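Asks: Submitted below is the structure of interest, expressed as structure tokens.
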Amino acid sequence: MGIATNLESRSQLAIELSGVCKAFGHVQANSDVDLAVPEGTIHGIVGENGAGKSTLMSILYGFYTADRGKINIKGKQVDIPDSAAAIKLGIGMVHQHFMLVPVFSVLENVMLGVEGGPILASGKLKARAELKRLASEYELAVDPDALIQDLPVGLRQRVEILKALYRGARILILDEPTGVLTPQEATRLFEILRLMCKRGETIILITHKLREIMAVTDNVTVMRGGKVVANRETAKTSPEELAELMVGRKVLLSVDKKPNQPGDVKLAVNELGVMSNAGVLGVKHASFEVRAGEILGVAGVSGNGQSELLQALAGMQPIVAGQITVHGEPITADTPTDPVKLRKLGVAHVPEDRHECGLVMDFPAEDSLILGHHYYDQFVRNHLLVRDKIHNFAELVMDNFDVRPNAPLLRSADFSGGNQQKIVLAREIDEQPEVLLIGQPTRGVDIGAIEAIHRRLIAMRDQGCAIVLVSFELDEIMSLSDRIIVMNAGRIVGEVVTAETNENELGLLMAGVG
């Protein structure tokens, strides 16, 4: 008997799915899935990328229609043909990639699609009052007149939650909600979710972060291969058990590495200055070196210059002062470079935002896998792409990096977020670069894939690659890095040897103290 069924006597079921199936062509995304979620609880759903979690929630929210199966909402069988029907049933969803209009205000985004009639002014007045009430009741304070593009990521997520509540959501689905949040923002989000549950809302949390599952959920469902393989009370399980259930084997949750053997300097940065997209100095007087056979971690709270630094090192953002040296080749404001030149110097780049910079979403996976490599002799004959060679290359690389499904002709947009990340990583790591620039390597990636990615990065380090790692996951920075530089307000405020520091010291440096 599943744990949710055990709780039925204590709480009415907010959601009950029975025998839900969904296929996309030959791919069976969901197979006879049963799920029961008690009202007023936080229910976690975990599984590897491609396990069927997001597909199942997309059925519940009306993006997809199940091939067969039943959906009960608060004891009543319902049909959910589209998201409008889901919203009427009190179901809201906050997606991994936010669905907001950047140039609109908070108020305009919340109102969008439910303007309240042809006279916008009166609708705005009512919406402003309701938004103020919701923000106060759920401790979701945000300036209603602020433009989305001017808000930090944590506040944008608040807007998504307010949008759902404004439309009457009593069941809220969150898909990888902390993938773009700092630890501080994630902690605040969980406080908000607990408050929502106390007020009667039901939360479904899809995440690959088992620490978060253990910290915030009441119950957890494990999916693998499109099926439910286990239900657990969170208090009666462990990260190790959940990881094994997800992957089907024991998973190493810590990084196993030997002390590094650093070699020659591969990348040097001296008094670097980089402008941000907002037109202010995002990186100020940055200096450091990275040697062959070491991982240099870049830590800091989001928005403190790490992104601008990584983009400048990759040739995507012009520098305004100082110098970058790669294999003795100087790069300055007077002698700029670009990603193509850097790639020829043995530099590979995994960008922080795979959608914006890493993939062409409408391209098939095999074309995304050769972006930047498309002019290589192995893929070209008489100035034309050789499709069969590209296809065979893609099949091999996708198999080596466990991209699921191994379907080179499938659109990049149709892969799960974690498998999209694997495509980008596969493209860059398969090159065996001398310098690897990598931003947020495991954002939205499941526990089994995280283990594999971490192992590959350590193996690359041990083979002599110089790696610059930017991650907002402090435990990831500490697990992988040999040395760590900390950025605050665009400056490097400290450099530490990982084996000689701790989270408390790094946290103080990140806050600009010390």
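The values are calculated or read from the model by the stated rules, or taken from the named source; none is laboratory data. Here the structure is a predicted model, which is why all the values come from computation and not from measurement. Methodologically, a virtual Cβ is constructed for each residue, glycine included, from the backbone with ideal geometry; neighbour enumeration extends over all protein chains shown. The area values use the complete protein model at the heavy-atom level, side chains included, leaving out ligands, DNA and RNA. Shrake-Rupley method; radii C 1.70, N 1.55, O 1.52, S 1.80 Å.
Asks: So for the chain, averaging the separation of alpha carbon pairs under 8 Å that are six or more residues apart and normalising by length, what relative contact order in percent results? Write out the running numbers ahead of the final one.
Replies: Numbers: 1033 pairs, mean separation 80.3, N = 514.
For the chain, the relative contact order is 16 percent.
Asks: Right, another one. Pairs of Cα atoms under 8 Å, at least six residues apart: use those to get the relative contact order of segment 247-337, whole percent.
Replies: On the way: 143 pairs, mean separation 26.9, N = 91.
Result for segment 247-337 is 30 percent.
Asks: What 222 nm value per residue comes from the helices of the chain, counting each DSSP H run with n ≥ 4 as -39,500 (n - 2.57) and dividing by all residues, nearest 500 deg cm²/dmol? Kindly include the intermediate steps, with their values, before the conclusion.
Replies: Numbers: 17 runs with 164 residues, N = 514.
Per the formula, -9000 deg cm²/dmol.
Asks: Further question: Run through every distinct alpha carbon pair of segment 235-312 and return the Kirkwood hydrodynamic radius in angstroms, one decimal place.
Replies: Values: mean 1/r = 0.0616 Å⁻¹.
That comes to 16.2 Å for segment 235-312.
Asks: Moving to a separate point now. Amide H of Leu272: which non-local residues (sequence gap of 5 or more, or other chain) have their own amide H closer than 5 Å, using H built in the peptide plane?
Replies: Under 5 Å from the amide H of Leu272: His285, Ala286, Ser287, Gln323.
Asks: Pairs of Cα atoms under 8 Å, at least six residues apart: use those to get the relative contact order of segment 15-169, whole percent.
Replies: On the way: 213 pairs, mean separation 33.0, N = 155.
About 21 percent, as a whole number.
Asks: Using a probe radius of 1.4 Å on heavy atoms only, what accessible surface per residue do you get for the chain? Whole Å² is fine.
Replies: Numbers: 22540 Å² over 514 residues.
Per-residue accessible area for the chain comes out at 44 Å².
Asks: A further question on this structure: Whenever you get a sec, line up Thr442, Thr187 from highest to lowest accessible area (probe 1.4 Å, protein heavy atoms).
Replies: On the way: Thr442 10, Thr187 75 Å².
Highest to lowest solvent-accessible surface, that is Thr187, Thr442.
Asks: What does the charge dipole of segment 1-112 about its Cα centre add up to, to the nearest 20 debye, if the Cβ of each Lys and Arg holds +1 and the Cβ of each Asp and Glu holds -1? Intermediate values should be presented prior to the final figure.
Replies: On the way: 8 positive and 10 negative charges, 27 e Å.
The dipole of segment 1-112 has a size of about 120 debye.
Asks: How much length is gained on full extension from Thr65 to Asp334, taking 0.36 nm per residue of separation minus their Cα-Cα distance?
Replies: Numbers: separation 269, 0.36 × 269 = 96.84 nm, distance 5.64 nm.
The Thr65-Asp334 span can extend by a further 91.2 nm.
Asks: Here's a follow-up. Among 221-229, 258-266, what's the highest-first ranking by average C-beta atoms within 10 angstrom per residue?
Replies: Working: 221-229: 20.6, 258-266: 13.8.
Listed from highest to lowest mean packing, they are 221-229, 258-266.
Asks: Taking the mean number of other Cβ atoms within 10 Å as a proxy for protection, how do you rank 154-161, 139-146 from highest to lowest? Walk me through the numbers before you get to the answer.
Replies: On the way: 154-161: 20.9, 139-146: 14.6.
The packing order, highest mean first, is 154-161, 139-146.
Asks: May I ask which of Lys22/Lys389; Lys132/Lys209; Lys209/Lys422 have a Cα-Cα span longer than 24 Å here? The partial results should precede the final answer.
Replies: Details: Lys22/Lys389 33 Å; Lys132/Lys209 32 Å; Lys209/Lys422 17 Å.
Result: Lys22/Lys389; Lys132/Lys209 exceed 24 Å.
Asks: Something else: In what sequence, highest mean first, do 423-430, 188-195 appear when ranked by Cβ atoms within 10 angstrom?
Replies: Numbers: 423-430: 22.4, 188-195: 16.4.
Taking the mean over residues of other Cβ atoms within 10 Å, the ranking is 423-430, 188-195.
Asks: Taking Rh as the Kirkwood radius computed over C-alpha pairs, what is the Stokes-Einstein D of the chain at 25 °C in a medium of viscosity 0.890 mPa s, expressed in µm² per second?
Replies: Translational D for this selection: 101 µm²/s.
Asks: Towards the positive end of the charge dipole of the chain, with charges on Cβ (+1 Lys, Arg; -1 Asp, Glu), say which of Asn260, Val283, Met398 has the farthest Cα.
Replies: Of the options given, the answer is Met398.
Asks: List the residues, sorted by chain then number, that are 5 or more residues from Ile204 or on another chain and whose placed amide H is less than 5 Å from its amide H.
Replies: Result for Ile204 returns His43, Leu172, Ile173, Leu174.
Asks: Could I ask something else about it? If eta is 1.002 mPa s and T is 20 °C, what Stokes-Einstein diffusion coefficient results for segment 303-460, Kirkwood Rh from Cα pairs, in µm²/s? List each step's numbers first, then the result.
Replies: Working: Rh = 16.5 Å.
Answer from the Stokes-Einstein relation: 130 µm²/s.
Asks: How many percent of DSSP beta bridges within the chain run antiparallel, rounded to 5? Before the final figure, lay out the partial values.
Replies: Numbers: 48 of 84 bridges.
For the chain, the DSSP antiparallel bridge percentage is about 55.
Asks: Magnitude of the Cβ-charge dipole of the chain, K/R +1 and D/E -1, about the Cα centre, nearest 20 debye? Could you put the intermediate results ahead of the total?
Replies: Values: 52 positive and 65 negative charges, 253 e Å.
Result for the chain is approximately 1220 debye, rounded to the nearest 20.
Asks: Turning to a different aspect of this structure: Enter the Cα centre distance for the pair segment 438-514 and segment 50-99, rounded to the nearest angstrom.
Replies: 37
Asks: List the equivalent ellipsoid semi-axes of segment 129-246 in whole Å, largest first, each obtained as the square root of 5λ for an eigenvalue λ of the Cα gyration tensor. Intermediate results must be reported in sequence, preceding the final value.
Replies: Details: eigenvalues 168, 46, 30 Å².
Semi-axes from the Cα gyration tensor: 29, 15, 12 Å.
Asks: Dipole of segment 210-253, Cα-centred, from +1 at each Lys and Arg C-beta and -1 at each Asp and Glu C-beta, to the nearest 20 debye?
Replies: Working: 7 positive and 6 negative charges, 43 e Å.
Charge dipole of segment 210-253: 200 debye, to the nearest 20.
Asks: Considering the options Ala243, Thr325, Ile484, tell which one lies farthest towards the positive end of the dipole of the chain, charges being +1 on Lys and Arg and -1 on Asp and Glu at the Cβ, about the Cα centre.
Replies: Ala243
Asks: If you don't mind, there's one more thing I want to ask. Antiparallel DSSP bridges in segment 165-295: what percent, to the nearest 5? Numbers along the way, then the final one.
Replies: On the way: 13 of 18 bridges.
Restricted to segment 165-295, the bridges split so that about 70 percent are antiparallel.
Asks: Tell me the carbon and sulfur percent of the accessible area for the chain, rounded to whole percent, probe radius 1.4 Å. Don't skip to the answer; put the middle values down first.
Replies: Numbers: 11490 of 22540 Å².
Roughly 51 percent, rounded to a whole number.
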